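What follows is a set of notes on a single structure, which appears directly below.
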Amino acid sequence: MEITPIDLRDIDKRASNVYEGIIVTARRARQINSENKIEFNALLSTIPEATTDDESEDIDNPAQLKIALEMEQRKKPHLEALNEFLDGKIEFEYKK
């Protein structure tokens with residue numbers, strides 16, 4: 001995986017300070033992660049379970065493996081949230 005440095009001044013432009021920007025992106029990353037988890041569990045529930053007599057036997061389910069690999073290929077939630085923040089797609093305000 002490639003590491004791309006991000007200038008903290010870019011974050012500072014979108015929020016009143018860097019720390020505020022980091023908190024906003026962290027909260028958005030948690031939301032994205034929760035959405036991904038719900039989607040993953042929904043996809044897993046559509047796969048029929050393999051039944052075996054010997055529960056100690058480890059059997060790979062190819063359909064489950066395919067779904068897991070597809071989910072791993074997605075952008076990481078924190079990178080997706082940071083890109084949304086830097087592109088101005090995240091709106092935030094303080095509760096009053």
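The values are calculated or read from the model by the stated rules, or taken from the named source; none is laboratory data. Model, not experiment: these values are computed from the prediction. Cβ placement follows ideal geometry from the backbone for every residue including glycine, while neighbour counts extend to all protein chains displayed. In case anyone asks, the SASA skips ligands and DNA or RNA and just uses the protein heavy atoms, side chains included. Shrake-Rupley method; radii C 1.70, N 1.55, O 1.52, S 1.80 Å.
Return the residues of region 68-96 that are touching a residue at least 24 places away in the same chain (Cβ under 8 Å), assigned to a loop (DSSP other than H, G, I, E, B) and surrounded by 10 or more Cβ atoms within 10 Å (Cβ to Cβ); say none if nothing qualifies.
Matches in region 68-96: R74, I90, F92.
Any residue at all in region 1-11 that is surrounded by 14 or more Cβ atoms within 10 Å (Cβ to Cβ) and modelled with pLDDT of 90 or more?
Pass one, region 1-11, residues surrounded by 14 or more Cβ atoms within 10 Å (Cβ to Cβ): 11.
Retained after the next criterion (residues that are modelled with pLDDT of 90 or more): 11.
Within region 1-11 (the criterion being surrounded by 14 or more Cβ atoms within 10 Å (Cβ to Cβ) and modelled with pLDDT of 90 or more), the answer is yes, since at least one residue qualifies.
Of everything in region 31-47, what is open to solvent by 100 Å² or more (accessible area, probe 1.4 Å) and at pLDDT below 90? Give them in sequence order.
The one that is open to solvent by 100 Å² or more (accessible area, probe 1.4 Å) and at pLDDT below 90: T46.
Write out, first by first residue and then by second, each pair whose Cβ atoms fall under 6 Å of each other, whose residues are 6+ apart or on separate chains, and whose first residue, in region 22-37, is within 13 Å of N83 (Cα to Cα) while the second is assigned to a helix (DSSP H, G or I) and open to solvent by 90 Å² or more (accessible area, probe 1.4 Å).
Pairs that qualify, where the first residue is within 13 Å of N83 (Cα to Cα) and the partner is assigned to a helix (DSSP H, G or I) and open to solvent by 90 Å² or more (accessible area, probe 1.4 Å), are A29/H78.
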